[in-house]
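The values are calculated or read from the model by the stated rules, or taken from the named source; none is laboratory data. Quick caveat, the model's predicted, so the values are computed rather than measured. Don't worry about glycine lacking a Cβ; one is built from the backbone with ideal geometry, like all the others, and counts go over all protein chains shown. Side chains included, ligands, DNA and RNA excluded: accessible areas come from the protein's heavy atoms. Shrake-Rupley method; radii C 1.70, N 1.55, O 1.52, S 1.80 Å.
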Amino acid sequence: ILCNTCIFFQECSKKQKNDDTQSTSVDALSSNDGFEEKNEFHTLADAKILLSDCLACDNCMTSEEGARVFQQNQKELFRILNLNKKCDTSKHKVLAVSICPQSLPYFAAKFNLSVNDAAKRLCGFLKSLGVHYVFDTTIAADFSILESQREFVQRYQRRNQEEHALPMFASACPGWIRYAERVLTNLVTSHICTAKSPQQIMGSLVKGYFARQQNLSPDKIFHVIVAPCYDKKLEALREDFYTALYNSQEVDCVLTSGEIVQIMEQKNVSMKDVTEVAVDSLFDEIKEGDVVRHDGKRSDGYLEHIFKHAAKELFGMDVKEITYKALKNKDFQEVTLEKDGETVLRFAAAYGFRNIQNMVLKLKKGKFLYHFVEVLACPGGCLNGKGQAQTEDGKPDKALLNQMEEVYAAIPVRLPETNMHVQKMYQDWLEGMDSKKVQETLHTKYSAVNQTASNLDIKW
């Protein structure tokens, strides 16, 4: 299975990878030798991640990064679970798992469950392993969308004073971010929204807000994300998401939806046989209710939320429904807003690297008309992440994907602005919406990363 970023780097550089390197497994790269002792999870240790599964080619990551990515696998989860069963309580960790909204439709469609049942049964399964808390990352996406909305309005208002204010590109997809920093460099990085992705905001919530609520040091929490794609593993390793004071990453380990299913299969557990357990909340003893999502049928809905917010804030127009216009293909669509016969907003959704290439070409030629672009590396959006809905030969399972899209579209939409917990946290935890703490906690910087010429032999 090749992730989209890895495919793109291969296609651009035309470099042939050594077959031996491609088949190198986690066993060769991981330094987690202590796992070999016999314990109740030892039968699960054989699951391997191949270099070809992730961003692990010499064109886009260093050998050190490769080794650290491959430490994010089931073995690392089981290492913590077994550590917690030993008598030395000083080494115990509070194990928290956060589940991405685009992963739940996969479990629902695969096991023929409602999305609410799937969430509760997945929570029950994880807790049966020894996980202490299971969270939904929708609240983190609330923060990410709200911060992206505000930043777009500010950039639009500064567009005549700042050269790089517009266009603004979405920052939620790590495959896209990796490509932009390593290949496109300063041409694009200054245009990327500074709001953290939902994954990394969830890391801040768990290691910051939740840790404080529980009187825990952040390094005493082991935080796992369940996500649709492998690229999220590399995102978790970024230096800007590391707190030196506590020697702690915001996210310690990312497992794909498919890797969770592998654990179930190896333990011979069926989702339908698992006891339902309500998903935890970050707030005291409250439990999460029914699953909700944001606007957007295949993603977290950045385009739709930012478009409607900008229309209201900048032009006083209340947009209820958005009409997409497909251009070259269904994965490149645009949305426009007209006022007094003039197009005042032009947004686009560009999914998949072929569309991203075309977008960048227009930007380089000075023919870029868009104010905002929701950029995702995976064709079809996040539901089609390479960590789920794949056949055994690594191709998309189209039938399953169609089911997942139906499941996701049926989930009720909740506007981020209506989440009272978010509004309260802005005031009580983040010291107001315009505070320095908001910038430190919910934002980051994206910048060009120097690469050797041989690794960036891109022919546009």
Index of the failed condition, VAL277 passing every other in (1) of a type in the set (Val, Ile, Thr); (2) in contact with a Cys (Cβ under 6 Å, 6 or more places away or on another chain); (3) under 28 Å from THR441 (Cβ atoms): (3)
Pair list, Cβ < 8 Å and 6+ apart or interchain, from the range 192-211 residues that are in contact (Cβ under 8 Å) with a residue 40 or more places away in the chain and under 12 Å from ALA141 (Cα atoms) to residues that are in a helix (DSSP H, G or I) and of a type in the set (Lys, Arg): GLN199/LYS232
Answer residue from the range 124-139, given it is of a type in the set (S, T, N, Q) and touching a helix residue (DSSP H, G or I) at 6+ places or on another chain (Cβ under 9 Å) and is surrounded by the fewest Cβ atoms within 10 Å (Cβ to Cβ) among those: THR138
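For (1) modelled with pLDDT under 95; (2) part of a helix (DSSP H, G or I); (3) out of contact with any strand residue (DSSP E or B) (no Cβ under 7 Å at 6 or more places or on another chain), each residue gets a yes or a no:
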residue	(1), (2), (3)
LEU126	no, yes, no
ALA141	no, yes, yes
ILE145	no, yes, yes
SER148	no, yes, no
ARG155	no, yes, no
ASN160	yes, no, yes
ALA180	yes, yes, no
VAL183	yes, yes, yes
Top-ranked residue of the range 208-247 - restricted to ones that are open to solvent by 10 Å² or more (accessible area, probe 1.4 Å) and in a strand (DSSP E or B), ranked as farthest from LEU383 (Cα to Cα): THR243
Enumeration of residues in the range 398-410 that are touching a residue at least 24 places away in the same chain (Cβ under 8 Å), open to solvent by 10 Å² or more (accessible area, probe 1.4 Å) and hydrophobic (A, V, I, L, M, F, W, C): LEU400, VAL407, ALA409, ALA410
Residue list for the range 360-397, restricted to those being over 30 Å from LYS110 (Cα atoms) and open to solvent by 10 Å² or more (accessible area, probe 1.4 Å): LEU361, LYS362, LEU363, LYS364, LYS365, GLY366, LYS367, PHE368, LEU369, TYR370, HIS371
Matching residues in the range 67-110 - criterion: being part of a helix (DSSP H, G or I) and either free of Cβ contacts under 8 Å to residues at least 24 places away in the same chain or at positive phi (or both): LEU83, THR89, SER90, LYS91
